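Worksheet for the structure shown next.
The values are calculated or read from the model by the stated rules, or taken from the named source; none is laboratory data. In this text the structure is predicted, and so the values were computed from the model without any measurement. Please note: Cβ atoms are built from the backbone with ideal geometry, for glycine as well, and neighbour counts cover all protein chains shown. The accessibility values were calculated without ligands, DNA or RNA, using every heavy atom of the protein model including side chains. Shrake-Rupley method; radii C 1.70, N 1.55, O 1.52, S 1.80 Å.
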Amino acid sequence: MLQFQPPGFGHKTINTSLGSMVYYTQTAAPWCYAETEDLPPLIFLHCFGGGSSAYEWSKVYPAFATSHRILAPDLIGWGDSTHPVRDYQINDYLTTITEFIRHTCCPPVKVVASSLTAALMIRLAIAQPFLFQELYLVCPSGFDDFGQGAGRRLPLQVINTPLLDNLIYTLGAENEIAVNNFLRSFLFAKPERVSPEIVEAYLFSAQQPNAKFAALAFLRGDLYFDLSLYIEQLNIPTVIFWGKEAQFTSVKLGQRLAKLNSRSIRDFHVIPNTGVLPHLEQPEVVIGLLQRYL
């Protein structure tokens, strides 16, 4: 995924209990690497779904490269990181993200995350609050919030049918037409904002060997949970951003979740004319909002 990174960003690797995790950070001009090492860390975590990777945040994090040491990993099972052949579970990501933070930073840290990964950060911040200073979350959802399944689009008997699951992934995530259609129809509010580069980056990630295992775990709902059962326990200062046109997880859902913990959730911003990925669809707006706090 290095070819899709902004100028001056290179990749490094750490080892986790599930394999190597690649992350992107300042390594060359126009950033001075010697100086960025001493800057406070700012971690950007991508969401789940066929073709997901750190590229999701690549239009945002350069704006903070002079004030923070940027750390944008490909999570295990995604992008250029290791793709173990396994039935992925929630604890796999709670564990490997914890390992990533401990390997690369001196906690507490500031984290920017999206969708299901953002919801996992709430759980991790409850379990290990000493890791976190602040959370900035885009459309955080466990996809089964208030017991209302939002994410599963196909019957489990179809997804779990041998060979058929391979076909679903091949047809849905490994060809350009399907990726382009999914981004335009479901993830973006304005289809014209889906550029050829975005499609290429998602397609490249989806075509990595064994990439289907993490994607199918997400599609089956193996990683879903009810965020409403956890969010009241959060004590880390948090700001939430929500794309007004987000599908699967609506603004009303987000507002309902936020009301459960007005103590820790300082602000809730609705971003007009964007879907579930406002940071990729209108990065300049998300940059402006983040700058207000960072």
Exercise. For the chain, which whole-number percentage of the solvent-accessible area (1.4 Å probe, protein heavy atoms only) is attributable to carbon and sulfur atoms?
Worked result: 53 percent
Problem set entry | residue 197 accessible area, assembled protein chains, probe 1.4 Å, Å² | 70 Å²
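Suppose R0 equals 45 Å. What FRET efficiency, 1/(1 + (r/R0)^6) with r the Cβ-Cβ distance, do residue 175 and residue 232 give to the nearest 0.05?
0.60
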Exercise. What shape does the range 51-111 take by its C-alpha gyration tensor, where a ≥ b ≥ c are the square roots of the eigenvalues and a/c under 1.5 counts as rounded, a/b above b/c as prolate, and the rest as oblate?
Worked result: oblate
Exercise. In the chain, which whole DSSP H runs stretch at least 20 Å along their own axis (Cα) and average -1.0 or higher on the Kyte-Doolittle scale?
Worked result: 90-104
Exercise. Which lysines does residue 190 reach when only Cα atoms under 28 Å apart count, and residues fewer than 8 places away in its own chain are ignored?
Worked result: 59, 212, 244, 252
For this session: Figure the gain on full extension for residue 38 and residue 210 (residue separation times 0.36 nm, minus the Cα-Cα span) and round it to one decimal in nm.
Result: 58.3 nm
Seminar exercise, completed: Projected onto the charge dipole of the range 182-294 (unit charges on the beta-carbon of Lys, Arg, Asp and Glu, signs +1, +1, -1, -1), the Cα from 237, 213, 272 with the largest positive-side position is that of 237
Exercise. Among 59-69, 111-121, 211-221, 283-293, what's the highest-first ranking by average C-beta atoms within 10 angstrom per residue?
Worked result: 111-121, 211-221, 59-69, 283-293
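Based on Cβ point charges of +1 for Lys and Arg and -1 for Asp and Glu, what charge dipole magnitude is obtained for the range 2-291 about its Cα centre, in debye rounded to the nearest 20?
580 debye
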Exercise. Once every DSSP H run of n ≥ 4 in the chain is given -39500 (n - 2.57) and the sum is divided by its residues, what mean residue ellipticity at 222 nm do you get, rounded to the nearest 500 deg cm²/dmol?
Worked result: -9000 deg cm²/dmol
For this session: Give the relative contact order (percent, whole number) for the chain; include only Cα pairs under 8 Å separated by 6+ residues.
Result: 20 percent
Problem set entry | Mean accessible surface per residue for the chain, computed with a 1.4 Å probe while every protein chain stays in place, in Å² | 40 Å²
For this session: Can you bin the range 165-294 into rounded, prolate or oblate? Criterion: square roots of the alpha carbon gyration tensor eigenvalues sorted a ≥ b ≥ c, rounded for a/c under 1.5, prolate for a/b above b/c, oblate for the rest.
Result: oblate
Seminar exercise, completed: Calculating Kirkwood radius over Cα pairs in Å from this structure picks out, from (1) 19.5; (2) 22.6; (3) 19.0, entry (3)
Exercise. Name the residues of the range 57-86 whose amide N is less than 17 Å from a point 7 angstrom out from the Cα of residue 28 along the C-beta direction?
Worked result: 62
